[in-house]
Structure formats: structure tokens, C-alpha cells
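These notes concern the structure reproduced below.
The values are calculated or read from the model by the stated rules, or taken from the named source; none is laboratory data. The structure displayed is predicted, hence computed values, not measured ones. With ligands, DNA and RNA removed, areas are computed over all heavy atoms of the protein, side chains included. Shrake-Rupley method; radii C 1.70, N 1.55, O 1.52, S 1.80 Å.
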Amino acid sequence: MADAKPSAGLVAACAIGAAVAMIAGVYFGGTGRLPLALTGTALFVLLGGTAFELARRRSA
């Protein structure tokens, strides 16, 4: 099962989650809530990297 390609829905969900996390990070950064902004940025990096890796595995 390790060779199974991830679904397009999973890749899209991770990418959308990353976009929402960055939007939240920018919003909270603009309102001065830096811990929430940094959390949003960290989630963006985590989900964006996951989406990139899943898309790479899907295309292979």
C-alpha cells in the first residue's frame, strides 16, 4: 500500500488548508496577535510542504 498514489482530494485539501492558514496568519499579524500569526505561518509551512510532497508522489 506504500506505493499507492495519494488522491487528488487529499492534495487539494492540504493546499487549501495551507492557504487558509496563511490568510489567518496575515490577519492575526495585522491585528497584533503575534502568537496566532506565528501559529498560522507554521501551519502554512507544514501543510504547504505536505501538499507539495503529496503532489510529487502523485505525479510519479
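Annotations for the structure displayed:
- Checking residue 23 against (1) open to solvent by less than 100 Å² (accessible area, probe 1.4 Å); (2) at negative phi, the condition it does not meet: (1)
- For the condition open to solvent by less than 50 Å² (accessible area, probe 1.4 Å) and aliphatic (A, V, I, L, M), residue 10 does not qualify.
- Tally of residues being outside any helix (DSSP H, G or I) and open to solvent by less than 100 Å² (accessible area, probe 1.4 Å) across region 26-57: 2
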